[in-house]
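A.B. asks: Input: one structure, supplied below.
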Amino acid sequence: MARPHSHSHLSLLLLLRLLLLLPATAAASYSSLCHSPSAAPDALGGSPPLTLPWTSTGHFSGGGDLHFAQDRYYPHAFYFSPRSTSATTDPAVTHLSATLTLEGTHLAGRHHGDPHSVSFDLEGYYSTATGELCMVGSGSYARDDGFGVVLLSAAVLRLTVPRHANLSAPFVTGRLAGANFNPVSLVAYAEDGYEYGETASCPPPSGARRVLPVTAAGFSCGRLRALLGRYSYGLDYKPGVHAAASGFFPLRRGHRSMYINQVRCSAAAEDNAVRAYMVFYTDEPAAAPSNYTGRRWGRGREFLVGDEALVADGFWDASRSRLCLRACRVTVASSGGQSGADDLAVSECGSIGVSFWFPAVWSVRDRSVAAGMIWNATGGNSDGDASAAGVITVSRTGGSYRGNMSDIKYNYTLVEDAKKQYDAMPELSKERKGRFPGNSYSYRDFAFGFYLKKQGGLPAGSGYAWPVTIGLAFVEGNGLIADAAFGAEEVNNKLRLLNVSYGLRYQVMNSTGKSPLIRRISAEGVYDTKTGSLCMVACQQVTNGSSSDCDVLITVQFAPMDGMARERAVGTISSLRKKTDPLFFEALEFVGDGGMYVEQEAEAISRMDMESLMLVSSMLLSCAFTALQLRHVKNHPEALPATSTTMLVVLALGYAIPLVLNLEDTYRDNNDRRRQYFFRLASGGLLELNGLVLRVTTVLALVLQLRLLHLAMSSRRSTTDDQAGRSKHDGVERSTLWVCLPLYALGAVAVWIAHMTDAKPGPALVGDLAAYAGLLLDGFLLPQVVRNALSGNSKVRPALSPWFYAGVAAIRAAPHAYDAFRKRGYAPSWRTSTTYVYASPRDDIFGVGWDVAVPCGAALLVAVLFLQQRRGGAFGEKNSRRPGEYEMVSTLSS
């Protein structure tokens, strides 16, 4: 007995020694990989750790051998999350552990464009004396095949944090290296411990410029950040900019767009101190969304690195409602290679001035939500005159104004020109039958997506059109405020001709066939509420983006709201210039994408809610009928051996397949569309609730069906009949299977042939087979009918309860009857087939012929089964026995 006891003591000692050696091993690893700051023991007595002037998110470059895409337009973000911190015996050193996560897009292969991340668990030290941080640890990421992970050993993170971040030193920089990957460069905007420099100066505005007093109720950094927005700013280079020695002073290159990536404010709100980081892009893809959040995966406002940047600080001038900043130039130098490290260099501090404001007056030529200018703050143009050389104006028209639109005034300037064009085209004023958007309907009915056409009817691009003003009502921006403004204009909206202004954005393929070109249009004109005709004169941004062509005509014909048309609108974008003019372009025809009007959306939501209730009710009834069948076999156990197990398997698969394949996809698709409607109509979540109930009831129906199948199979194994009787039951069931299985297979082959004939894409075959499985469920009684026919003399207690076979058959036939009714009373747009919740094409085969054939076939099977259970498998008690067989008679006495 002593030997095992000594072994247990030895094991315990070895474990204790291992635990004691682990810190020493970690310390040795840190000492060998990090030379500064030096490791220090944790302080005793629980001294509070030092506050870290830290950053939580930033940008990384490189990582190609970690399977990150190197395209600069894909997001590359890192997140640093400390898990624990503790003070050490060195007052200037903090011991900490943290998780570092790199997030971006996958490098290549089938994962290209998919999110990809690598995580590191790190431990190390941070010194406030030097601003250095060094941590060691290991990392991992998922394998490409999805099985297992790739481990990364000996990872070392080194960061340099500015002791006193300021205009000339605003960044946290560092490197992440490891034994099995190339170094990754890290950079972030310092979040804390910033020291503001000299007070910036704002030149007097040129001309009479009305601005919004956005901080009249007091300065708010959050409100200022929201107003400056996340959207792209356009740049307009004034004359004389190109003559500067630097090329495009005050910027070194001619950029197409700018993003205000970071905005921070002083902790002392009364200072009104503000600092910002602005990023410029020269060759941003036209297909990229105007909102820079399209560059990221949505975890936070990540740090961006473009072709060039400005880092600035200053203050908010409440008296003039302007943001005044002085800036430094930030140039980006890429080392290239697989590491692809980006180094940021700060220079020319104080030589660049930046100012932003929020215009209070809009027009067709200027709809800037936010505007500003960048100028050379040194030399002869320090007065900031917008006409001087070295001035770049910026404006943001994308997105919406996050405030009360009633503060903004709109000046119509091209309406009279549009009326002349309207009067010159009699077809626009010809009254048409039906109700059109306008009057007391929702302003949202005026917005629509569209597809451009070219010769041959092939699509040449797509776009979106939205109203900015209708009459005097601003309808762009906050939905609730727009609703109130549109409702307040009820008198003006009763007029036949309404003054309207629009914004359009579309993309077309360029002549080289590469990335599409983006076109932005500002338009205003008149809308005829009697004919649904829209006629507008517009200003279209020309290719270089620094000027506009205001000789553009746009005509639109809306479809009636109560009609059956599948095209929401049709229209044309044409040039009013002569063909010899360099800015002339051929007319572009477009077609609305078939989206529904608000009134139709409300009807669709009501129908979807009703269909979801029908679907849940059907499943509840299935549970009830299966429960009645279980009660039937409990009262009549002799019916179980006569029940077709093939039929029960078909039914069980019918409940299992939606749980595995269809149910989640069905409700995800419909919930996505339902959520769009939710924000527009403030409807409840009935569909989502019914989706949850449907999952529960489907699982319950499957469990009940499996219980019934188990009882049927167990009854044959435990029957008291002789071996010949059991063999007979098994033989009949095998014969049933051999009759039904070829029929099922032939049907599947027919579906495959039809699929190949239609030349549908690969995934469509799965949908066709899923619909065919629904058709098999419609005929679930076929195996039982075949089994009864093969049994011949089955004059025993009925195997199936009438409630079960008639009820389930009625449930399977009901969707076809509803589909026939729905086709007569509902005409969906071309994209709304996914809104079918009940009688969905993915659940069964529907059509005029099938909607008649399936209910008739189900009724025929029910009638045959009824006669079989009443009179025997061959419809007769007499002469139903095979030669040499005996008939079962009752031996019970009275």
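A.B. asks: Once label points are set 7 Å from the Cα along Cα→Cβ at both S31 and S168, what is their separation, rounded to one decimal in nm?
C.D. replies: 3.9
A.B. asks: Which length gain, in nm to one decimal place, applies between Q70 and T580 when the Cα-Cα distance is subtracted from 0.36 nm times their residue separation?
C.D. replies: Details: separation 510, 0.36 × 510 = 183.60 nm, distance 4.45 nm.
Net length gain for the segment: 179.1 nm.
A.B. asks: Sticking with this structure for a sec: Using the Cα centre of the stretch 105-190 as the reference point, and only Cβ charges (+1 on K/R, -1 on D/E), how large is the resulting charge dipole? Debye, rounded to the nearest 20. Provide the component values of the computation, followed by the final result.
C.D. replies: On the way: 5 positive and 6 negative charges, 48 e Å.
Once rounded to the nearest 20, the dipole reads 220 debye.
A.B. asks: Under a Cβ-Cβ cut-off of 12 Å, what is the net charge of the residues other than V156 that fall near it, where Lys and Arg count +1 and Asp and Glu count -1? Intermediate values should be presented prior to the final figure.
C.D. replies: Numbers: positive: R158, R175; negative: E123.
In short, +1.
A.B. asks: Still on this structure, I have one more. Just subtract the alpha-carbon distance of E427 and R365 from 0.36 nm times their residue separation and send over the number in nm, one decimal. Intermediate results must be reported in sequence, preceding the final value.
C.D. replies: Numbers: separation 62, 0.36 × 62 = 22.32 nm, distance 2.86 nm.
Gain on stretching E427 to R365: 19.5 nm.
A.B. asks: Can you give the FRET efficiency to the nearest 0.05 for V660 and Y196, using r as the Cβ-Cβ distance and R₀ = 45 Å?
C.D. replies: Working: r = 60 Å, r/R0 = 1.34.
That gives a FRET efficiency of 0.15.
A.B. asks: Using the structure shown, select from K238/K578; K419/K453; K430/K578; K419/K578; K419/K530 the pairs with a Cα to Cα distance greater than 24 angstrom.
C.D. replies: Over 24 Å Cα-Cα: K238/K578; K419/K453; K430/K578.
A.B. asks: Here's a follow-up. Order these peptides, 707-714, 35-42, by their mean beta-carbon neighbour count within 10 angstrom, highest first. Can you show the working numbers first?
C.D. replies: Working: 707-714: 16.2, 35-42: 14.4.
Output ranking for 707-714, 35-42: 707-714, 35-42.
A.B. asks: How much of the accessible area of the stretch 60-169, in percent, comes from carbon and sulfur atoms when a 1.4 Å probe is used?
C.D. replies: Answer for the stretch 60-169 is 54 percent, counting heavy atoms of protein chains only.
A.B. asks: Net charge near D844: determine it from the other residues with C-beta under 11 Å of the C-beta of D844, scoring Lys and Arg +1 and Asp and Glu -1. Don't skip to the end; give the middle numbers.
C.D. replies: On the way: positive: R812, R842; negative: D778, D819, D843, D851.
That works out to -2.
A.B. asks: Something else about it: Modelling each spin label as a point 7 Å along the Cα-to-Cβ direction, I'd like the R870/W752 distance in nm, to one decimal.
C.D. replies: Label-label distance for R870 and W752, simple model: 4.2 nm.
A.B. asks: Could you give the length gained by full extension between V211 and S351, i.e. 0.36 nm per residue of separation minus their alpha carbon distance, to one decimal place? Working shown, then result.
C.D. replies: Numbers: separation 140, 0.36 × 140 = 50.40 nm, distance 2.61 nm.
Taking 0.36 nm per residue and subtracting the Cα distance, the gain is 47.8 nm.
A.B. asks: Among H636, H255, what's the order by accessible area (1.4 angstrom probe), most exposed first? Could you put the intermediate results ahead of the total?
C.D. replies: Values: H636 55, H255 10 Å².
Reading off the accessible areas and sorting them downward yields H636, H255.
The values are calculated or read from the model by the stated rules, or taken from the named source; none is laboratory data. As the structure is a computational prediction, the values presented were derived from the model and not from experiment. Positions of Cβ are generated from backbone atoms using ideal geometry, with glycine treated the same way; all protein chains shown enter the neighbour counts. To get the accessible areas, we keep the full protein, side chains included, count just its heavy atoms, and leave off ligands, DNA and RNA. Shrake-Rupley method; radii C 1.70, N 1.55, O 1.52, S 1.80 Å.
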